[in-house]
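Everything on this sheet refers to the single structure shown next.
The values are calculated or read from the model by the stated rules, or taken from the named source; none is laboratory data. Please read these numbers as outputs of a predicted model, since none were measured by experiment. No Cβ is skipped: glycine too gets one built from the backbone with ideal geometry, and neighbour counts run over all protein chains shown. Note: areas computed on protein heavy atoms with side chains; ligands, DNA, RNA excluded. Shrake-Rupley method; radii C 1.70, N 1.55, O 1.52, S 1.80 Å.
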Amino acid sequence: MRPWFGQKIDGHVVNLEQMTYVEIISRAVELMYDKHQKRWIHKLYFRLVVDFINRSERQLCTSDQSAPLTALLDKVEPVCYVDVVSEIYPEFKTRLLSSEDVQFFVYLCKRQGQKPPPFVPVLDADFGNLLLKDTVFQTVNFELANGQNSQRVGVQQSHDAAQYLTRTDEPVKCIIDDVYQGHIAALLRQLHSGDEASVPVVEYIGAEPDSANDVISGLTSMNETSTERVFRLPNTAKQLPNIDSWLQALAGPRKSWLRALLTAPVIAQKSRFVDNYVRRMLRARPGRVATVHLADNKPLSLDIVNSTGALELELQCNDAGQISMTVYHKTLSTAITKCCLKLTYCPINPLAPIHGSKNDDDNAVCQFYKDTWKASCMVPLDLEDVVDDRTVLKSADFVITEDHIFQFNSNTGNFLRQYAGDSAKGLYAPIDYLSIPAMENVLQIVAGTLSGVGQFSVVNVFSKMELIKGIRPLCAGDNLSVTTVMRKANNTSTGKRQAKLSTIERNGQPIGTFEIDLLFRGYNIEPSKAFKREYGKKTSIILTSDIDIVVLEAKEWFIYREDAAIQLQPNTPIEFCLDSEYRYKSDTIYSSIVTTGTVTVKARGGRRVHIADVDFQHTAAKHNPVVDYLSRYAVDIETFMFEDGGYSLVDSANAHMAQAIVPDSNWDYACLAMDGNPVHTNPYISDFVSNSGTVTHGLWTSASTRSIVERIVACGHPERIRAHSAEFIDM
């Protein structure tokens, strides 16, 4: 439609009063003078510009001129008006329009007898007229369009447009189809004299392929026969071809489904476009052999094998244009699972010839993750699925062996003597062994129906392992079993978070806990299925007056025990131990809140006495009133700071000990920690989710940093580490 008039020389959009006189003249000529035909679009537009220049000269000129400025302008092209005006009146380049001249310019645009200008100079009560009046003239005079852009021409139902309407109540689809077919017919007449047989047949409309020999020259070896093309890549990364050269070579010298797949920058997923992940997944890798199978010089399939001959990836396309990409994955049990992704080849859409479905990809990833977890843990294929957030999972017994301890500590860089078998108390095991037997349950929940989709986007954001007070450290020979429950599944600004709590038992006795909080980046859970549970949350408060105590006792959720022998007194620490469960109505509003727990105080001798209970239920709230009340009076009476200021892990004296070296491969740790998530070990899966490489396990990072704490803070005595937590802020 019509453009906004106000614009500075640098293109910045402004109002009239923010423009100089030169900018007004320049903009008017730009919008009303046809530079291609070297004429004013309408003679009245010339009058408008001249009248404004005359007015400006009378208002600002104080010197005597031998001839009016407009007389000089008659001798030059309108595109040079600005140069002439600037030379004679330099102040026109810097002086802003006065309010009177702003009103005068608007008057010129609206005055009686003036041809409506092809722009909108001001937003006022006449905006509708300025925008639409005389647009029929613009419809039939294309040079009026700003920049001669057809997308900015508003076509009204005038006689010029209506003459082509031959049917009443015609659906929009039919109108658009007629336009489409009309374009085709016009091109056929113009280029091929209406003869369809003379139109060349191509695979799809696009750039012609480069010469394959030129593309791969000096980069890789290649053998070609009538049935296949075989590419062998060097064993060192420095010698690999760049991704564009490599994919051009694989695509071949002719247009085909394979060339479209490997050269298309995006994949169309309904109304959105995503980066072509196939290009990332097929980048050159050391020691690989890629084979393109041919029939009549057309590609049938592509497969990639590693240096041992194991098939890693396969691409196929059937006659219907259905593309199947299969990634083969070795699980922790060495069994092979497959991730099958489906795409569609659509040559009639040259701008995006490859189509896909995010839902299909997510479902394929979810099934692959389940198959991989079952194969890695060697569990029955018909194992019960996790569909209820109250499900309690129990793992098989896990026996800590000396060999496992040696391998685990070697992988995480922990070489304390207590882990080498010299201790008289037996061979210690790191506190990380609270997490290892729990991973089977954790991954079973991630793979379950309750978690939905998005398994490849999972990252560890928090983990904590803690030994129960008074329990001896873990040692070789301990037989561990685990019980796992879900604590949380809710939405955040970056995705859904899922927390699990595992209780570890040794010979039937609870000895510690393991908590882990996972983030499904970019995926959300339905609010009606979201929940949060908090178990044993302890909060200490101190009430300083009798009035504060009366207020607490008046709370409906605060219930004294009938046998309570102690009443609350001012300045007495009160400990609340609460269990809470939240259900969600939306991402920020709870549909229900249930909080229960105990209230205790210390009696003489230090013994804690149970004096009251908490019982609270509520619906549709943003906050928990019980928790909000306690937070106002909460005090920290259990945190003790080091008198000497604590330890510094980054001190120069500790620099040689405060370093961790990540292994070249995550495979060994994955086997030791029983975490077979493919993003840690399969480079094709890692490329699929746009990671820069296979992702190091978060728990490896936790274990390696904890070993630094053991060496520096615990002075080489791992039994002093009773709890350890790690929060991950980036990757």
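Side notes on the structure shown:
- Unmet requirement for residue 690, which otherwise passes all of (1) among the polar types (S, T, N, Q); (2) open to solvent by 10 Å² or more (accessible area, probe 1.4 Å); (3) on the phi < 0 side of the Ramachandran plot: (3)
- In summary, residue 696 fulfils each of the numbered conditions (1) of a type in the set (Val, Ile, Thr); (2) farther than 20 Å from residue 465 by Cβ; (3) part of a loop (DSSP other than H, G, I, E, B) with the single exception of condition (2).
For (1) of a type in the set (Ser, Thr, Tyr); (2) modelled with pLDDT of 90 or more; (3) surrounded by 14 or more Cβ atoms within 10 Å (Cβ to Cβ), each residue gets a yes or a no:
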{"position": "343", "(1), (2), (3)": "no, yes, yes"}
{"position": "348", "(1), (2), (3)": "no, yes, no"}
{"position": "356", "(1), (2), (3)": "no, yes, yes"}
{"position": "368", "(1), (2), (3)": "no, yes, yes"}
{"position": "371", "(1), (2), (3)": "no, yes, yes"}
{"position": "388", "(1), (2), (3)": "no, yes, no"}
{"position": "391", "(1), (2), (3)": "yes, yes, yes"}
{"position": "411", "(1), (2), (3)": "no, yes, yes"}
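- Among residues of the range 243-256 being open to solvent by 20 Å² or more (accessible area, probe 1.4 Å) and touching a residue at least 24 places away in the same chain (Cβ under 8 Å), the one that is nearest to the chain's Cα centre (by Cα) is 243.
- Scanning the range 276-295 for residues being of a type in the set (D, E, K, R) and within 17 Å of residue 223 (Cα to Cα) gives a total of 1.
- All strands (runs of 3 or more DSSP E) inside the range 511-602 with 2 or more residues being open to solvent by 50 Å² or more (accessible area, probe 1.4 Å) and closer than 21 Å to residue 388 by Cα: 573-584
- Entry remark, the range 94-125: residues being open to solvent by 60 Å² or more (accessible area, probe 1.4 Å) and under 48 Å from the mean Cα position of the chain (by Cα) number 4 in total.
- Residue match in the range 703-717 (condition: under 29 Å from residue 326 (Cα atoms) and free of Cβ contacts under 8 Å to residues at least 12 places away in the same chain): no
- Members of the range 440-466 found to be closer than 20 Å to residue 504 by Cβ, assigned to a helix (DSSP H, G or I) and open to solvent by less than 10 Å² (accessible area, probe 1.4 Å), listed by number: 441, 442, 445, 446
- Residue within the range 56-68 that is out of contact with any Pro (no Cβ under 8 Å at 6 or more places or on another chain), surrounded by 19 or more Cβ atoms within 10 Å (Cβ to Cβ) and not hydrophobic (A, V, I, L, M, F, W, C) present: yes
- Within the range 389-411, the set of residues being part of a helix (DSSP H, G or I) and over 33 Å from the mean Cα position of the chain (by Cα) comprises 402, 403, 404, 405, 406, 407, 408, 409, 410.
Residues are listed down the side, and each one gets a yes or a no for (1) without any contact (Cβ under 8 Å) to a residue 12 or more places away in the chain; (2) of a type in the set (Ser, Thr, Tyr):
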residue	(1), (2)
3	no, no
6	no, no
10	yes, no
13	yes, no
18	no, no
22	no, no
27	no, no
33	no, yes
40	no, no
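- Of all residues in the range 481-510 being more than 18 Å from residue 461 (Cβ to Cβ) and of a type in the set (Gly, Ala, Ser), the one that is surrounded by the most Cβ atoms within 10 Å (Cβ to Cβ): 481
- The helices (runs of 4 or more DSSP H) found entirely in the range 1-109 that carry 1 or more residues being touching a Lys or Arg at 6+ places or on another chain (Cβ under 7 Å) are 21-32, 43-60, 81-88.
- Residues located in the range 313-329, provided they are in contact (Cβ under 8 Å) with a residue 40 or more places away in the chain and open to solvent by 10 Å² or more (accessible area, probe 1.4 Å): 317
- If the condition is being among the small types (Gly, Ala, Ser), part of a loop (DSSP other than H, G, I, E, B) and touching a residue at least 40 places away in the same chain (Cβ under 8 Å), then the range 468-485 contributes 476, 477.
- Some residue of the range 83-96 being hydrophobic (A, V, I, L, M, F, W, C), under 20 Å from residue 3 (Cβ atoms) and at pLDDT 85 or above: no
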